[in-house]
Amino acid sequence: MRRMHSPDAMPEKSYDAQQIELKWSDRWKNSALFQAEENSSKPKFYVLEMLPYPSGQLHIGHLRNYAIGDALARYKRMRGFNVLHPMGWDAFGLPAENAAIANKRDPYEWTRFNIENMKRQHRRMGFSYDWSREVTTCDPEYYRWNQWFFLKMLERGLAYRKRSLVNWCDECGTVLANEQVVDGCCWRHESTPVEQRAIEQWFLRITHYADELLNSMAELEAGWPERVLLMQRNWIGRSEGAEIDFHLDPAGTPIRVFTTRVDTIYGATCVILAPEHPLVAELTGAAAKAEVKRMIDARAAKGPGDIEKEGIFTGHYAVNPYSNGKIPIWIGNFVLMGYGTGAIMAVPAHDERDFEFCKQYGIPIRPVIRPVDGTLADAATLKESFPDDGILENSGPYSGLASEEARRVMSAKAEKENFGKPAVTFRIKDWGISRQRYWGTPIPVIYCEKCGIVPVPEKDLPVVLPLSIAITGKGRSPLENVPEFMNVKCPKCSGPARRESDTMDTFVDSSWYFYRYCDPHNSTAPFDSKKIAYWFPIDQYIGGIEHAILHLIYSRFWTKVMRDLGLISNGEPATRMFNQGMVIKDGAKMSKSRGNVVSLDEMVEKFGADTGRVFELFAAPPEKEMDWTDSGANGAYGFLSRVYRFVTRNIGNAQPAPGEADKKILRKLHQTLRKVTEDFESRWHFNTSIAALMELMNNLQSMEKQISAPVMAEVLEKMALMLEPFAPYLAEELWEEQGRQGPVFNHPWPAYDAELAREEEAEVVIQVNGKLRGRIYVAFGTPRETLEKLALGDAKVQTLLDGKQVVKVIVVPDKLVNIVVK
């Protein structure tokens, strides 16, 4: 039963956001209202925001991501979907270790405290998460399956160990993450330069899936932002070319180079090795070795994109296998060991990077490609490279061939005569997952002097990370100082052995967590494959553009591995991906150093959770950057206050008989409902949805005393339903105020009446030289001649035309009239 009130007994209520929100937050706290159904016959909808790192505090920048996902989850529930909307914690990572060092606080304790605080903030915001599926990646029940997956990859050759360079601080005696290298020095002591050291590390063979990761993007084009796909294509970086051997003169190990332009090889004037190339040690003396080490350390400190090109001549030469000419061998800091073979042939006449390097060091330049309709450049006067395809010149038997044909013929010759072959290389490299740190998943292998590398038996999983250990930030890994963890018996021979002390990269945790949400309490498998078959792929994944490369590529790789293990049938984790825009304040990204961070608690205390949601969804389209301002939040609060007062003062009040106002209000109501519905079903223009609700509110207030009781009842009901995805606390309160039963989100989303929503009159814009000057309202289908006459006769327009000549009048029926004058 809806409540009936006498007008005399109804003093206007004021909107008390805190009282309303705390009331409903308490009611929702321990209920199962938001739990997804098992074995449901409903269509499913899996909506997910990327799980947060438990840093301790949510701020208003986080709010936008969650508000978008929650609005969609609530809307889909009302549309009859079985919605899975879970939340968890990406709980391992370096910040916990840093906190342990700085504050003498145990990482586990610090992480747990932060999780509880952030969970409290999530609950206070009223986000409709299924907390029964909560996942915390630092729990052994979760990371045991990280270890299980690692063992499965090890069985299939997808996990392997090799020596690799790391950042090393000699004073700390430890490995540093890239984030801990500041201006080339250790973050703890600004005067200690970081150097590169080679140590044994574990890798996952993501390159095995490089082609598939690239090709299967075709499945994502309809639902993923093109920007994300472009970034991933560039990161994978597939290049077709040839591998060619340059033999040392007079003898020695050949240098294999990768080139995409074998057609330019007659123009190669030197070979350049990456500083880390294995042959560097063989080709350099003590002085050069020291210079090479300096080069490596300098590049590690700055990154290859931030360095000036440097070279070292080795004093050795290589032989061009096509021309048989000798060319010098150099070492260049801009050549990457991780791309191709770690060695390039420099063709300065046809590559801008090579041109700059060779000009700098006085290395000859030899043009060998001319434009199709031009002449060959003169090396003596050449001011820039010519990188395009063309016609070969000065290239022996290949002169006169077009570049594309020459590449095919010359690659075939290399393969036939065993000095090379056609080849494909990728920019993406195998994923190094070893971290010489404590707070992460232990890698489940044991080292035995007799048996070598021995996998931990599955029955012994999880290898549990010991808690409450000393962390100093010095030494290779804190685990090495825990003998009860490190010292074990070999599973094969029962002899003395040692555990791996490295832990896994935390991107491992986040590469498959969304599968665990479907079956979070399974103790015998990572998940039940039947449950995955129902829920996957994710229908909508939401997160920042900063995760476009690493997290999203790793999770796509993990999905393909699980598919090949027979655990799942889908080849991609998510059908649709959305990147929300950043929230800034005072025109800048929020940061503690700028002092412009607004905590969620502070915002909620000042404005209320619903206000925060509405403002962040209203201030800009969700994919665009938005600037948080208190004045904007006050405006959103004012809107919600107006809605609350309007609804509560009109519940059951005596109303006039039906009249013309009813017709106008019903039209506006159904137009608004159509607008909000279409925004949810298309591009999520939540800003225009909320603007439409504000416009509806203005119309309602302007005709409040003229709306009949039946129409007012429909307005109040549908207003609460439309507010539910954006301001759920207020929607729930208004629903109860009306005497309606059950949570708002359990009621169907209202359908709009297309006939009621149809305008009876067309709004025709009048422009003068393209600028808006007025509007007229006419019946749909009004003839062009009539529209032109009405526009020219408009009083405001006539003053603008005074003394001017009308050149022409452009009429778009039912839309606009543009009067062009001079």
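The values are calculated or read from the model by the stated rules, or taken from the named source; none is laboratory data. Since the structure is predicted, the reported quantities are computational estimates derived from the model, not experimental observations. In this analysis, Cβ positions are derived from the backbone assuming ideal geometry, glycine residues included, and neighbour counts consider all displayed protein chains. SASA here: full protein model, heavy atoms, side chains in, ligands and nucleic acids out. Shrake-Rupley method; radii C 1.70, N 1.55, O 1.52, S 1.80 Å.
Of the residues contained in segment 123-132, one or more are found to be assigned to a helix (DSSP H, G or I), buried (at least 21 other Cβ atoms within 10 Å of the Cβ) and modelled with pLDDT of 95 or more. As a summary of the residue check, Arg299 satisfies the conditions (1) of a type in the set (Lys, Arg); (2) outside any loop (DSSP other than H, G, I, E, B); (3) open to solvent by 50 Å² or more (accessible area, probe 1.4 Å) except for the one numbered (3).
Of the residues in segment 534-544, at least one is within 28 Å of Lys76 (Cα to Cα), modelled with pLDDT of 95 or more and assigned to a helix (DSSP H, G or I).
Sort out which residues of segment 557-585 are open to solvent by less than 30 Å² (accessible area, probe 1.4 Å) and among the polar types (S, T, N, Q), and write them in order of number. Of everything in segment 557-585, those that are open to solvent by less than 30 Å² (accessible area, probe 1.4 Å) and among the polar types (S, T, N, Q) turn out to be Thr559, Asn570, Asn579.
Summed over segment 419-469, the residues that are within 25 Å of Thr174 (Cα to Cα), open to solvent by less than 20 Å² (accessible area, probe 1.4 Å) and assigned to a loop (DSSP other than H, G, I, E, B) give a count of 10. Where helices (runs of 4 or more DSSP H) fall wholly inside segment 179-284, the ranges with 2 or more residues that are open to solvent by less than 20 Å² (accessible area, probe 1.4 Å) and over 30 Å from Gly544 (Cβ atoms) are 278-283.
Does Ser164 satisfy being of a type in the set (Gly, Ala, Ser), out of contact with any helix residue (DSSP H, G or I) (no Cβ under 7 Å at 6 or more places or on another chain) and surrounded by 14 or more Cβ atoms within 10 Å (Cβ to Cβ)? Yes: the conditions hold for Ser164. Would segment 592-604 turn up any residue that is open to solvent by less than 50 Å² (accessible area, probe 1.4 Å) and among the charged types (D, E, K, R)? Taking every residue of segment 592-604 in turn, none turns out to be open to solvent by less than 50 Å² (accessible area, probe 1.4 Å) and among the charged types (D, E, K, R).
The combined condition, being open to solvent by 20 Å² or more (accessible area, probe 1.4 Å), among the β-branched types (Val, Ile, Thr), outside any helix (DSSP H, G or I) and without any contact (Cβ under 8 Å) to a residue 24 or more places away in the chain, is fulfilled by Thr524.
When you scan segment 527-556, how many residues do you find that are open to solvent by 50 Å² or more (accessible area, probe 1.4 Å), closer than 20 Å to Pro622 by Cα and either touching a residue at least 24 places away in the same chain (Cβ under 8 Å) or of a type in the set (A, V, I, L, M) (or both)? Here the count works out to 1. Just wondering, is there one or more residues in segment 601-608 that are modelled with pLDDT under 95 and outside any helix (DSSP H, G or I)? No, the conditions are met nowhere in segment 601-608.
The set of residues in segment 541-566 being over 16 Å from Met231 (Cα atoms) and of a type in the set (Asp, Glu) consists of Asp564 alone.
A single member of Ala32, Ala67, Ala71, Ala36 is open to solvent by less than 50 Å² (accessible area, probe 1.4 Å) and either modelled with pLDDT under 95 or part of a loop (DSSP other than H, G, I, E, B) (or both), and it is Ala36.
For segment 477-503, the set of residues classified as open to solvent by 60 Å² or more (accessible area, probe 1.4 Å) and either closer than 20 Å to Arg105 by Cα or not in a loop (DSSP other than H, G, I, E, B) (or both) consists of Glu480, Asn481, Pro483, Glu484, Asn487, Lys489, Pro496, Arg498, listed by residue number.
Taking segment 410-443 as the range and being charged (D, E, K, R) and modelled with pLDDT of 95 or more as the test, the residues that pass are Lys413, Glu415, Lys416, Glu417, Lys421.
Among the residues of segment 372-394, those identified as open to solvent by 80 Å² or more (accessible area, probe 1.4 Å) and outside any loop (DSSP other than H, G, I, E, B) are Ala380, Thr381.
For segment 689-705, residues that are touching a residue at least 12 places away in the same chain (Cβ under 8 Å), surrounded by fewer than 16 Cβ atoms within 10 Å (Cβ to Cβ) and among the polar types (S, T, N, Q) total 1. Segment 708-806 holds no helices (runs of 4 or more DSSP H) entirely within its bounds that carry 2 or more residues that are modelled with pLDDT under 95, open to solvent by less than 10 Å² (accessible area, probe 1.4 Å) and in contact with a Pro (Cβ under 7 Å, 6 or more places away or on another chain). Among the conditions (1) buried (at least 23 other Cβ atoms within 10 Å of the Cβ); (2) under 27 Å from Phe34 (Cβ atoms); (3) touching a helix residue (DSSP H, G or I) at 6+ places or on another chain (Cβ under 8 Å), the only one that Asn146 does not satisfy is (2). Screening Ala654 on (1) of a type in the set (A, V, I, L, M); (2) surrounded by fewer than 18 Cβ atoms within 10 Å (Cβ to Cβ); (3) assigned to a helix (DSSP H, G or I) shows it passes everything except condition (3). Please work out which residue is farthest from Asn39 (Cα to Cα), limiting yourself to segment 94-113 and to residues that are open to solvent by less than 10 Å² (accessible area, probe 1.4 Å) and not aliphatic (A, V, I, L, M). Of everything passing the filter in segment 94-113, Pro107 is farthest from Asn39 (Cα to Cα).
Tell me, please, whether a residue that is closer than 26 Å to Tyr554 by Cα and of a type in the set (Gly, Ala, Ser) can be found in segment 455-472. So far as segment 455-472 goes, no, none of its residues is closer than 26 Å to Tyr554 by Cα and of a type in the set (Gly, Ala, Ser).
When each of Ala609, Ala588 is tested for being aliphatic (A, V, I, L, M) and surrounded by 21 or more Cβ atoms within 10 Å (Cβ to Cβ), the lone residue that passes is Ala609. Just one of the numbered conditions (1) open to solvent by 40 Å² or more (accessible area, probe 1.4 Å); (2) in contact (Cβ under 8 Å) with a residue 24 or more places away in the chain; (3) farther than 24 Å from Ser411 by Cβ; (4) part of a loop (DSSP other than H, G, I, E, B) is not true of Gln360: (4).
Restricting attention to segment 447-454, does a residue exist that is over 30 Å from Gly495 (Cβ atoms) and among the hydrophobic types (A, V, I, L, M, F, W, C)? There is no residue in segment 447-454 that is over 30 Å from Gly495 (Cβ atoms) and among the hydrophobic types (A, V, I, L, M, F, W, C).
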